[in-house]
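Here the structure is laid out as structure tokens; the discussion comes afterwards.
The values are calculated or read from the model by the stated rules, or taken from the named source; none is laboratory data. Given the structure is predicted, the values throughout are model-derived calculations rather than measurements. Because the Cβ atoms are built from the backbone with ideal geometry, glycine has one as well, and the counts that use them run over all protein chains shown.
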Amino acid sequence: MTSTITTAAGTTDNVGGLDLGPAVALSCRECGNRVDLGPYYACSECFGPLEVSYEFTLAREELRRAIERGPQNIWRYAPLLPVPAGIADTPNINPGCTKLVRADNLARELGLKRLWVKDDSGNPTHSFKDRVVAVALAAARELGFSVLACPSTGNLANAVAAAAARAGIRSVVLIPSNLEQQKILTTAAYGGTLVAVEGNYDDINRLAGEIAAEQDDWAFVNVNVRPYYAEGSKTLAYEVAEQLGWRLPQQVVVPIASGAQLVKIDKGFTELGNLGLVEPTPYRVFGAQATGCAPVAHAFKDGHDTVRPVRPDTIAKSLAIGNPADGPYVLDTVRRTGGAIEDVSDDEVIEGIKLLARTEGIFAETAGGVTVATLRKLLATGQLDPEAETVIFNTGDGLKTLDAIADVVGPTATIAPTLKAFDAAGLA
Ligand SMILES: *Cc1c(COP(=O)(O)O)cnc(C)c1O
Ligand SMILES: [Zn+2]
């Protein structure tokens, strides 16, 4: 199949000549139909979602050396991503290589033997979205797009605006108008076009699809270049395995919005096993949702294969996707690996944020609160093995969702600037 992309600069032929590293095709997750690499996201046969297929040519030792010699960011895994080999030398915000924190205090409190927090609040715009946007941007440039765009629940807005600024291209970001002030301001600060839409994420996502059909030089990272974007989440799996000394954890707990992150963490672990970079030891994948937006958790508990959309109502706005694109694949992954999906109330989310901060000194956004609270619930209900090595993913920074805890934390006391007042307050 040959394709033509129209760009601002004119028309580029020869999509087959793209340099997207080891990526060789897009294939349909439903029917297996393969198409050439290009700006496609839906199967022409069955409308199923397309994903990137690879031919990895490096041998195990060579690959491991290349990775270990690589830069301290996601581009060390460029030989496993749909990006050009020289990607690390292009202007981008270089996310990744975030800390894997051994969480002994939290583990002790919960009765777990060994626990780590993969802390993605350390990314350039303080959420895991920098990973997916960096890969989407690399592919978008290769595909000839000139504008980086997205519909966002918040963190993606930050990541797209920052990545486009650094790359010197225009960004167009659509957000729900009721988004947290912290996320609006931290997006607007990068310049670019920021559009507040009076609707929820699912409304905005639909609008983005319509705009994408009209503006053919705009790459909507999570719409028309979604297959490439989603691959960025594999780097979470690669980093965890490398940081553990090239081995897989036994259990992971991952927050679910669209579900792409969870599905791609599994894809990353599977690839590492197939490539011989780790022993292909068994692991279980667990999903976390907020009860106010838990369509995948409900489908899991009800034994369904499909996900019935909901209207989100939760403080965990970064996870508030009522109609998650990867829902069915999350169900497959979790069931295949012997995991489970739980959901937690907004009060439990706040408790989760406070628990992680108090025990490990990590201040998570609401999504991280969902994950910690879900970890606790999975343990309390006997679904998670307290003896097995567990990694949870903190995907965003608490500074971005201050509203969520504004009413429940604050100064221990407010006093006059005198020793007498301090002593009287009983703080010693
Ligand atoms: C987007 C997001 C997620 C989930 O991502 P999906 O791949 O859509 O499931 C998790 N945590 C945070 C903080 C996010 O912004
Ligand atoms: Zn198909």
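Here are some notes:
- Against the numbered list (1) more than 30 Å from Ile67 (Cβ to Cβ); (2) surrounded by 20 or more Cβ atoms within 10 Å (Cβ to Cβ); (3) within 13 Å of ligand 1 (Cβ to nearest atom), Gln261 comes up short only at (1).
- Within the range 77-102, the residues that satisfy the criterion of being of a type in the set (Ser, Thr, Tyr) and either in the same structural domain as Thr359 (by TED's automatic domain parsing) or buried (at least 18 other Cβ atoms within 10 Å of the Cβ) (or both) are Tyr77, Thr98.
- The range 253-275, residues that are touching a residue at least 24 places away in the same chain (Cβ under 8 Å), more than 14 Å from the chain's Cα centre (by Cα) and under 21 Å from Glu389 (Cβ atoms): Phe269, Glu271, Leu272, Gly273
- Within the set Arg358, Arg376, the sole residue that is closer than 22 Å to Val285 by Cβ, at pLDDT 95 or above and not hydrophobic (A, V, I, L, M, F, W, C) turns out to be Arg376.
- Test set (1) modelled with pLDDT under 95; (2) out of contact with any helix residue (DSSP H, G or I) (no Cβ under 8 Å at 6 or more places or on another chain) - Thr270 fails condition number: (1)
- Residue in the range 52-63 that is within 16 Å of ligand 2 (Cβ to nearest atom) and either crowded, with 22+ Cβ neighbours inside 10 Å or under 19 Å from Asn394 (Cα atoms) (or both) present: yes
- Count of the range 103-158 residues which are among the acidic types (Asp, Glu) and either in the same structural domain as Val223 (by TED's automatic domain parsing) or without any contact (Cβ under 8 Å) to a residue 60 or more places away in the chain (or both): 3
- Selection within the range 186-198 - at positive phi and surrounded by fewer than 16 Cβ atoms within 10 Å (Cβ to Cβ): Gly191
- Taking the conditions (1) among the hydrophobic types (A, V, I, L, M, F, W, C); (2) outside the structural domain of Ala257 (by TED's automatic domain parsing); (3) within 18 Å of Thr98 (Cβ to Cβ) in turn, Trp218 satisfies each one other than (3).
- A count restricted to the range 18-65 and to residues that are over 22 Å from Arg76 (Cα atoms), out of contact with any Ser or Thr (no Cβ under 6 Å at 6 or more places or on another chain) and more than 16 Å from ligand 1 (Cβ to nearest atom) stands at 19.
- Helices (runs of 4 or more DSSP H) fully within the range 162-248 counting 1 or more residues that are farther than 30 Å from Phe269 by Cβ: 181-188, 201-214
- Residue count, the range 346-371 (criterion: more than 16 Å from ligand 1 (Cβ to nearest atom) and crowded, with 24+ Cβ neighbours inside 10 Å): 0
- Look at (1) more than 20 Å from Ala260 (Cα to Cα); (2) more than 19 Å from the chain's Cα centre (by Cα) and you find that Thr187 fails only one, number (2).
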